[in-house]
1. Once you sort the root eigenvalues of the Cα gyration tensor of segment 329-445 as a ≥ b ≥ c, which label holds: rounded (a/c under 1.5), prolate (a/b larger than b/c) or oblate (the other case)?
2. Using the alpha-carbon centroid of each, what span in Å lies between segment 83-107 and segment 272-289?
3. Do the sum for the chain: with -39,500 (n - 2.57) for every DSSP H run of n ≥ 4, divided by all residues, what is the mean residue ellipticity at 222 nm, to the nearest 500 deg cm²/dmol?
4. Please sort through the DSSP H helices of the chain and keep those with an alpha-carbon extent of at least 27 Å along the long axis and a Kyte-Doolittle average not below -0.5.
5. Which entries of LYS86/LYS381; LYS29/LYS255; LYS86/LYS393 have Cα-Cα distances beyond 23 Å here?
6. At a 1.4 Å probe radius, carbon and sulfur cover how many percent of the accessible area of segment 255-411?
7. For a 20 Å ceiling on Cα separation, which of these pairs sit above it: LYS161/LYS278; LYS71/LYS219; LYS222/LYS389; LYS71/LYS389?
8. Given a 1.4 Å probe, how much area per residue of segment 336-445 is accessible, in Å²?
Amino acid sequence: MSQGKEKYGLFTAIAMIVGIVIGSGIFFKSDNVLIGTGGSVLLGIAAFIIAALSIIFGGLSISELASRTSKPGGAITYMEVFSGRKLACSFGWFQNYVYYPGLIVVVAWVVGIYACTLFGLESRLGLQIGIGFIFYTVCFIYNVLSPRFGGYFQNVTMILKLIPLLVITLCGFVFGDPAANLSHSAASLGQATLFAAIGPVIFAYDGWIISTSIAHEVKDSKRNLPLSLVVAPLFVTLVYVLYFVGITSFLGADKVMEMGDPHVYDAATQLLGSLGAKAILIFVIISVMGTVNGLVLGYIRIPYSLALRNMIPLSRMLSREDPRSGMPVQSAWSGYLLCLVWTLVHYLTTSYNLLPNSDISEISIAVGYAFYIIMYYQVFKLWRRGEIKGWFKGVLCPAAATMGSLFILYSCMQSSLFVYYAAFCLLVAVIAYVYYIVKKPEEHI
């Protein structure tokens with residue numbers, strides 16, 4: 001790898017992780033976290049901290065793999081290089097057919113939820129999902145036609161998304177009563193449960209793994225990538241916990257649970273008046289839009305990445321790049337079609353409340369952690385072969401990351417439909433595995 005390709009410093013690596021992770025989750029899932037903990041703010045804080053530790057140790061483990069290959073492609077590449085092409089094919093299919101489209105559809109739905117609140121529209125599920133559909137359609141179009149604009153939009157929203165969090169946090173601490181809020185929370189611990197809060201919390205943290213895709217472009221990556229994967233989750237956790245305490249101190253946990261997603265607008269209205277609340281909500285919507293844009297930005301390259309490896313049907317078509325823009329246009333539109341399918345699935349599961357206090361994205365995120373465990377084990381194997389020095393990097397980090405992933409998986413099993421949805425994810429992975437064995441594809445990258 002030439003030094004010319006190493007263009008990102010430590011700050012940029014940290015900013016990318018923060019920008020990807022902070023998005024819709026903290027606004028959209030705070031009420032779900034409280035419902036999961038029975039209104040206990042303290043257990044909600046514990047859930048955020050547990051998830052952060054899992055991400056930190058997971059990031060440190062995967063950074064060991066990232067530092068040992070200059071091949072681009074992120075997590076699919078690490079699975080391919082260290083666990084074999086069959087498992088890489090399975091993981092790639094899971095990301096392409098389940099993880100990314102489901103996540104894009106749910107986060108775009110959040111745009112619709114807050115847009116209805118901002119414009120005073122009736123909060124009907126069909127309207128909310130319809131607005132989300134329109135927005136992610138626009139995202140796909142401009143990321144294909146003008147990828148540079150998509151990059152600029154991502155950078156701007158990374159900065160703007162911190163504004164509503166900081167404003168509501170500060171006002172919550174000044175005008176609320178954090179001490180009384182936490183005391184009340186401590187009194188209700190006996191009736192609370194931690195496990196049900198983990199699903200919403202991991203949604204709020206999701207996206208950290210995507211940052212490893214730039215590992216081969218980070219200056220002094222052996223030092224800066226692990227450092228960024230510690231500093232960024234700690235910063236995100238600090239922001240999340242302060243916001244969580246601030247909003248519950250001002251409104252009260254019961255009020256947040258009762259109002260659901262519009263609690264952000266209600267708090268902003270009380271603190272800043274009608275105009276101030278609309279301004280905050282605009283920042284929230286821009287923040288969520290940035291998350292959708294980032295997901296689309298990453299997703300349009302997933303079918304292309306698999307096609308280059310001949311690991312997906314229609315690889316010849318999906319591996320083509322537009323000669324003018326250099327974008328994998330067919331890959332982008334195949335992803336868009338899958339989003340349409342998952343939009344229908346999301347509408348049906350939400351309409352009939354098939355996933356109480358959850359949605360289609362949370363289970364696929366949890367299943368993703370099962371795949372991460374495979375990569376954590378490869379770190380341990382490298383340590384056993386003497387390629388990783390020291391028990392901290394080679395044993396403690398992958399062991400702690402594995403324990404965190406298992407805790408997340410167990411927590412998400414509390415959902416009544418987890419087994420069925422997880423089985424579907426597994427079926428997709430098995431079909432991919434069989435597809436690879438039958439086709440025996442040769443890579444062309």
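The values are calculated or read from the model by the stated rules, or taken from the named source; none is laboratory data. Every value quoted in this text rests on a predicted model; they were computed, and no experiment measured them. Because the Cβ atoms are built from the backbone with ideal geometry, glycine has one as well, and the counts that use them run over all protein chains shown. Heads up: the accessible areas ignore ligands, DNA and RNA and are worked out on the full protein's heavy atoms, side chains in. Shrake-Rupley method; radii C 1.70, N 1.55, O 1.52, S 1.80 Å.
1. oblate
2. Using only Cα atoms to place each centre, the spacing works out to 33 Å.
3. For the chain, the value works out to -25000 deg cm²/dmol.
4. On the way: long enough: 41-66 (36 Å, 2.22); 100-119 (29 Å, 1.99); 125-145 (30 Å, 1.77); 221-251 (44 Å, 1.44); 263-299 (39 Å, 1.31); 329-351 (33 Å, 0.87); 360-384 (38 Å, 0.89); 418-439 (31 Å, 1.93).
Within the chain the helices that satisfy the rule are 41-66, 100-119, 125-145, 221-251, 263-299, 329-351, 360-384, 418-439.
5. LYS86/LYS393
6. Numbers: 4450 of 6770 Å².
Reported share for carbon and sulfur atoms: 66 percent.
7. Where the Cα-Cα span goes over 20 Å, the pairs concerned are LYS71/LYS389.
8. With all protein chains present, segment 336-445 gives 54 Å² per residue.
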